[in-house]
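Chemist: Right, I'll just put the structure down here and ask away after.
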Amino acid sequence: MKIKDEILLFSSGIVILILTFLAFGKDGFAEWKGVQSEFLDIAEAKIGEKRAKEFQTGIQMIWVPEIKVVDRCKTCHMAIDIPGFESEKQPFSTHPNLEQWNETHPFKNYGCTTCHGGQGFAVTTKEAHGNVKHWERPLLSNDMAKEYGFNKASELMEVNCNSCHRRETDTPGMPNINMAKKLIQDKNCAQCHIMDGKNGGTLGPEITYVGSKHPETFGFDGVEGKRSVMNWHIQHFKLPAKVSKGSIMPPFGFSDEEIRALSILVMSWRKVKVPMEYVPYKRD
Amino acid sequence: MKTLIQKQIQVAKDVYEFLFASYSPKTEREASDAVGFNFLLHWFPVKITKKSLSWHYSFWLGTISLVLFIILSLSGIVLIFLYVPSVERAYQSIKDIEFVVSYGWLIRRMHRWAAHFMVAFVFFHMIRVFLTGAYRSTNVTPQGKRYANWIIGIVLLVLTLLLSYTGYLLPWDQLALWAIVIGANIAKATPIIGDQVQFIMQGGNEIGQNTLILWYAMHIAVLPFIVTALISWHMWRIRKDGGLASVDSLGVKKEGGEPVKSKTYSLMGIAKGVRPSISYHKVAGETVHAIPAVLTRMMIVTVFTVGFMTFLSIFFAVPLEEPATTEWTPNPAKAPWYFLWLQELVSITTIRVPLINLGIFSIPPFTINGGFLGGAVIPGLVVGAALMWPQFDRSPESAVGVWFHKSRLKQNIVFLIIVLALAILTYIGTFMRGPNWGMFLPWESWPSMPVNF
């Protein structure tokens, strides 16, 4: 019995040793570490050893407490604010139109997820891009935009722009939302709906913050295809009574383009607090 | 020069001896002294029967539970430094532990897995004690009070559940919040004092920062210390009760007959009767020195338990859902798994009786209060029965310390039926209840949850 026990004890020690190495491996060879060393090789070839060494390694983060942004995207997207890497593949390329964005929406004040979506806390590709359970704001990608008939991600991203630009009527770079805002005026939606928290009719439900409504609170019985809120709105604008049983909202005969625009407009009506310095303001 | 080298060699030898040399006692007396020489070892007996030591009598379930508790305490101390108990920051601090703290993911997962397993193993431990009838003392261990230790054990089980439940809230995600909402609502169904119970559980009129800080304080500052004290008492009682009940089943040594006066292990205890010496029988079974026999096995159990928890933590993530909000309810909303048998009972016993028309008059529709029955009466009865049971156990003393003794057949069957019912209800609640609390068989897939895009 004694010898058997000693063998057991010895083998359990081996087991824990192996597990310790596994844990070391999982933490020590994290995905982002590989991405960073790959990027540094690219940078070295491109801009020389000396300048490549200036890149800070380790977890990089943009932290903007005012708008509750903790974005660790720069951990992998290391050259996002460094000009000269425009031709590289993702995640190594420079942000398009860097100069213009730096002027209007400096990254250090806005972070990344404010406009792009995604899970800023995370440092693995899958979780950071937010295509995981229990993350309601995934990265708005080209693929996702095409799924709903848009051409590119930036059109879908207008949904995030409008968090701050909500009170504007004509914002450069937001053609879809601008169109939808005009439709809201033309069709006089306020006849039946309260949309600004104060004024409007009460025939329909208040939709001031309809963008914050959780997907699980929508009924999908009348919705064909993907069970997504975007899809719900698209089909609802087409035939309201089919998606929402008993609704008296008439079908307005919108075109597909208008329906897409209206859908992202209502989805942009989220309950967010915008600090004063983030409210867009144009001096006349 | 030569002497210096000799000195260094001597130092090296001493160091080697300190690290690796083993103690080989020359006499029985020396072997016995091992227990007294070391504070950490003093709570072992000098000698132990081979039967108590065997793997298949006790399955070492109590030791495993203790090791899990130690894992939880140590990982918990680390988490205290990283976790912020505020409704604004709790969720974010968990995300940080998961993503940016070195080995934070490992520590959090170990804490969570060990918590689940501790609940399970404390329960298994109780099942073992019941099925071996080990909650009674016999005339082999006349000064034992195993019934007292059974009661301490039940209290420890309840406290383990409470510890686990209070920890469940802390991530402040939807999973956590709604588990607490369900718990508080079940508690609310208690007659007369329901509202007060709910008020205490929530730390106020609604769930919020009050609730979080209350449960946090209970989780890290109150319950762990009560549990530590009770575990110590529980272990101490095992020694006072004459060891595991398997000792009793071995019987008394025939020759000698009369109890022997002993001074060996009563000095630190308050043994009833003659003191400081107590009298004891010589047990018939074969014995070995506890050091190293018990120590070796304890180390094996410890290392394997830690190893298994590490394995789970490396390969299996633990949940963290959306940040807590009362604006929408996850579907389905569930209590933690070890309370799902209760939630299942509540949902089964909540019956909406429709309007009954009896011609002359009709009984308006009403609801049978399942929360009271499933949330208060039935669990109360289960715990009460567990506390009282040893008093009604009329089986002969020869049944103590024996698995499935013939004379305990009926009560074992009743007990196992209750255990099985709890297990089935828990299984249904955990794996078969999908959206809208609908029943889904294991091979049926749940409808996918809608997303934004």
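The values are calculated or read from the model by the stated rules, or taken from the named source; none is laboratory data. A quick note: this is a predicted structure, and the numbers were derived from the prediction, not measured. As a convention, Cβ positions derive from the backbone with ideal geometry for all residues, glycine included, and neighbour counts pool all protein chains shown. Side chains are part of the model used for accessible areas, which takes the heavy atoms of the whole protein and leaves out ligands, DNA and RNA. Shrake-Rupley method; radii C 1.70, N 1.55, O 1.52, S 1.80 Å.
Chemist: Rounded to the nearest 500 deg cm²/dmol, what is the calculated helix-only ellipticity per residue at 222 nm for chain A, with -39500 (n - 2.57) per DSSP H run of length n ≥ 4? Kindly include the intermediate steps, with their values, before the conclusion.
Modeler: Numbers: 13 runs with 122 residues, N = 284.
It lands at -12500 deg cm²/dmol.
Chemist: Once each part is reduced to its C-alpha centroid, what is the distance from segment A:46-81 to segment B:42-87 in angstrom?
Modeler: Segment A:46-81 and segment B:42-87 have Cα centres spaced 44 Å from each other.
Chemist: Lysines near A:K4 by alpha-carbon distance under 27 Å, same-chain residues fewer than 8 away left out - which ones?
Modeler: Once the sequence-local lysines are set aside, what remains near A:K4 is B:K26, B:K47, B:K50, B:K51.
Chemist: Taking a threshold of 21 Å on the Cα-Cα distance, which of the pairs A:K108/A:K182; A:K182/A:K282; A:K126/A:K271 fall above it? Write down the numbers at each step before the final one.
Modeler: Working: A:K108/A:K182 33 Å; A:K182/A:K282 19 Å; A:K126/A:K271 26 Å.
The answer is A:K108/A:K182; A:K126/A:K271.
Chemist: Could you work out the local net charge near A:P96, counting Lys and Arg as +1, Asp and Glu as -1, over the other residues with Cβ closer than 13 Å to its Cβ?
Modeler: Numbers: positive: A:K152; negative: A:D81, A:E86, A:E88, A:E99.
With Lys, Arg at +1 and Asp, Glu at -1, the net is -3.
Chemist: Can you give the charge dipole size of segment A:148-284 about its Cα centre, rounded to the nearest 20 debye, using +1 on the beta carbon of Lys and Arg and -1 on the beta carbon of Asp and Glu?
Modeler: On the way: 19 positive and 15 negative charges, 51 e Å.
Taking the Cα centre of segment A:148-284 as origin, the dipole is about 240 debye.
Chemist: Just tell me which lysines come within less than 23 Å, Cα to Cα, of A:K245; anything on the same chain fewer than 8 places away is out.
Modeler: A:K187, A:K213, A:K226
Chemist: For segment A:168-203 and segment B:207-252, what is the separation of their C-alpha centers, rounded to whole Å?
Modeler: Each part's Cα centre sits 62 Å from the other's.
Chemist: A follow-up question, please. Tell me, what HN-Hα J-couplings in whole Hz come from the Karplus equation 6.51 cos²θ - 1.76 cosθ + 1.60 at θ = phi - 60° for each residue of segment B:6-20, using x for Gly and Pro?
Modeler: Each residue's phi maps through the Karplus curve to give 4, 4, 4, 4, 4, 4, 4, 4, 4, 4, 4, 4, 4, 7, 10 Hz.
Chemist: Residue by residue through segment A:126-133, which ³J(HN,Hα) values in whole Hz follow from phi under the Karplus form 6.51 cos²θ - 1.76 cosθ + 1.60 (θ = phi - 60°), with glycine and proline marked x?
Modeler: Those phi angles translate into 4, 6, 5, 6, x, 8, 10, 4 Hz.
Chemist: Let me ask something additional. Starting at the first residue of segment B:282-293, write each ³J(HN,Hα) from the Karplus equation 6.51 cos²θ - 1.76 cosθ + 1.60 with θ = phi - 60°, in whole Hz, x for Gly and Pro.
Modeler: Once θ is set to phi - 60°, the couplings for segment B:282-293 become 7, 7, 6, x, 6, 10, 10, 5, 5, 9, x, 4 Hz.
Chemist: OK, next. For the protein assembly as shown, what is the charge dipole size about the Cα centre, in debye to the nearest 20, if Lys and Arg each add +1 at the Cβ and Asp and Glu each add -1 at the Cβ?
Modeler: Working: 72 positive and 58 negative charges, 634 e Å.
So the dipole magnitude of the protein assembly as shown works out to roughly 3040 debye.
Chemist: Rank these by accessible area, largest first, 1.4 Å probe: B:H116, B:H56.
Modeler: Working: B:H116 40, B:H56 135 Å².
Output order, biggest surface exposure first: B:H56, B:H116.
Chemist: Also, quick follow-up: Tell me, what is the percent relative contact order of chain A, built from C-alpha pairs under 8 Å that lie six or more residues apart?
Modeler: Values: 344 pairs, mean separation 33.5, N = 284.
In percent, rounded to a whole number, it is 12.
Chemist: In Å, what Rg and Dmax follow from the Cα atoms of chain A?
Modeler: Rg, Dmax (Cα atoms, Å): 24.5, 92.
Chemist: Determine the sum of side-chain charges near B:M449: Lys and Arg each +1, Asp and Glu each -1, restricted to other residues whose C-beta is under 9 angstrom from that of B:M449.
Modeler: Working: positive: A:K133, A:R227; negative: A:E216.
Local charge sum for B:M449: +1.
Chemist: Next question. Take every residue in peptide A:20-32, count the Cβ atoms of other chains within 10 Å of its Cβ, and give the average of those counts.
Modeler: Values: counts 3, 0, 4, 8, 2, 1, 6, 7, 2, 0, 3, 0, 1.
That average works out to 3.
Chemist: Let me cross-check A:D256: its accessible surface, 1.4 Å probe, with only protein heavy atoms counted, in Å² to the nearest 10?
Modeler: 100 Å²
Chemist: Answer with one residue from A:P138, B:P379, A:C112: the one whose Cα lies farthest towards the positive end of the charge dipole of the protein assembly as shown, charges on Cβ with Lys, Arg +1 and Asp, Glu -1.
Modeler: Farthest along the dipole direction, towards plus: B:P379.
Chemist: How large is the helix-only mean residue ellipticity at 222 nm for chain B, computed as the sum of -39500 (n - 2.57) over DSSP H runs with n ≥ 4, divided by its residue count, in deg cm²/dmol to the nearest 500?
Modeler: Values: 17 runs with 247 residues, N = 453.
The per-residue figure over chain B is -17500 deg cm²/dmol.
Chemist: Say the dipole of the protein assembly as shown comes from +1 at the beta carbon of Lys and Arg and -1 at that of Asp and Glu; which of A:F10, A:T202, A:S244 then lies farthest toward its positive end?
Modeler: The residue sitting farthest along the positive end of the dipole is A:F10.
Chemist: Highest first, please rank the peptides B:318-330, B:207-219 by the mean number of other Cβ atoms sitting within 10 Å of their residues. Before the final figure, lay out each step's value.
Modeler: Working: B:318-330: 16.0, B:207-219: 18.4.
Per-residue Cβ counts within 10 Å, averaged per peptide and sorted highest first, yield B:207-219, B:318-330.
Chemist: Calculate the length of the line joining the C-alpha centroid of segment B:298-364 to that of segment B:91-125, in whole Å.
Modeler: 19 Å
Chemist: Bin by bin, in steps of 10 Å, what percent of the Cα pairs in segment A:200-277 do you find, going until the bin that has the longest distance?
Modeler: 18, 50, 26, 6, 1
Chemist: Averaging the inverse of every distinct alpha carbon separation and then flipping it gives the Kirkwood radius. What is it for segment B:69-123, in angstrom units? Walk me through the intermediate numbers first.
Modeler: Details: mean 1/r = 0.0859 Å⁻¹.
One over the average 1/r among Cα pairs gives 11.6 Å for segment B:69-123.
Chemist: I've got another one for you. Quick one: angle between helix A:256-268 and the longest Cα principal axis of chain A, in degrees between 0 and 90, rounded to 10, please.
Modeler: With rounding to tens, the tilt is 70 degrees.
Chemist: Report, to one decimal in Å, the Kirkwood hydrodynamic radius for chain B based on all distinct Cα pairs.
Modeler: Numbers: mean 1/r = 0.0391 Å⁻¹.
In chain B this quantity evaluates to 25.6 Å.
Chemist: Quick one: which residues, 5 or more positions from A:I80 or on another chain, have an amide H under 5 Å from its amide H? H modelled 1.01 Å from N in the peptide plane, none for Pro or chain starts.
Modeler: none
Chemist: Test of understanding: express the Cα radius of gyration of segment A:1-159 as a ratio to 2.2 N^0.38 Å, with N the residue count. Walk me through the intermediate numbers first.
Modeler: Values: Rg = 21.2 Å, N = 159, 2.2 N^0.38 = 15.1 Å.
Its radius of gyration relative to the 2.2 N^0.38 Å reference: 1.40.
Chemist: Still on this structure: For q values of 0.15, 0.29, 0.35, 0.36 Å⁻¹, compute log₁₀ I(q)/I(0) with the Debye formula on a Cα-only model of segment B:407-446, without solvent.
Modeler: -0.48, -0.90, -1.06, -1.08
Chemist: Under the rule a/c < 1.5 gives rounded, and otherwise a/b versus b/c splits prolate from oblate, where does segment B:309-447 land using the Cα gyration tensor?
Modeler: Taking the square roots of the gyration eigenvalues as a ≥ b ≥ c, segment B:309-447 is oblate.
Chemist: Take B:W403 and B:S86, extend 7 Å from each Cα along the Cα→Cβ direction, and tell me the distance between the two endpoints in nm.
Modeler: Rounded to a tenth, the inter-label distance reads 5.4 nm.
Chemist: Rg over Rh of the protein assembly as shown, using C-alpha atoms and the Kirkwood radius, what does it come to? It would help to have the intermediate numbers written out before the result.
Modeler: Working: Rg = 33.2 Å, Rh = 31.3 Å.
Taking Rh as the inverse mean 1/r over Cα pairs, Rg/Rh reads 1.06.
Chemist: Averaged over every viewing direction, what's the projected area of the C-alpha convex hull for segment B:151-251? Give it in nm², one decimal, please.
Modeler: Details: hull surface 34.1 nm².
Orientation-averaged projected area of the Cα hull: 8.5 nm².
Chemist: Quick one: the Cα spread of segment B:383-453 along its three principal axes, in angstroms, biggest first?
Modeler: The Cα atoms of segment B:383-453 stretch 68, 25, 17 Å along their principal axes.
Chemist: Right, something else. Quick one: net charge around B:I9, please, counting Lys, Arg +1 and Asp, Glu -1 for every other residue with C-beta under 14 Å from its C-beta. Let's see the in-between values first.
Modeler: Details: positive: B:K2, B:K7, B:K13; negative: B:D14, B:E17.
Once all neighbours under 14 Å are counted, the net charge is +1.
Chemist: I'd like to know how segment A:139-223 sits against the 2.2 N^0.38 Å rule of thumb: what's its Cα Rg over that expected value? Don't skip to the end; give the middle numbers.
Modeler: Details: Rg = 14.5 Å, N = 85, 2.2 N^0.38 = 11.9 Å.
Here the answer is 1.22, to two decimals.
Chemist: At 1.4 Å probe size, with every protein chain present, just tell me what the per residue accessible area of segment A:1-156 comes to in Å². Could the numbers behind the result be given before it?
Modeler: Numbers: 9320 Å² over 156 residues.
I get 60 Å² per residue for this part.
Chemist: Taking all pairs of distinct Cα atoms, average 1/r, flip it, and tell me the Kirkwood hydrodynamic radius of segment B:1-42 in Å to one decimal place. All intermediate terms of the calculation are to be shown ahead of the outcome.
Modeler: On the way: mean 1/r = 0.0799 Å⁻¹.
One decimal place: 12.5 Å for the Kirkwood radius.
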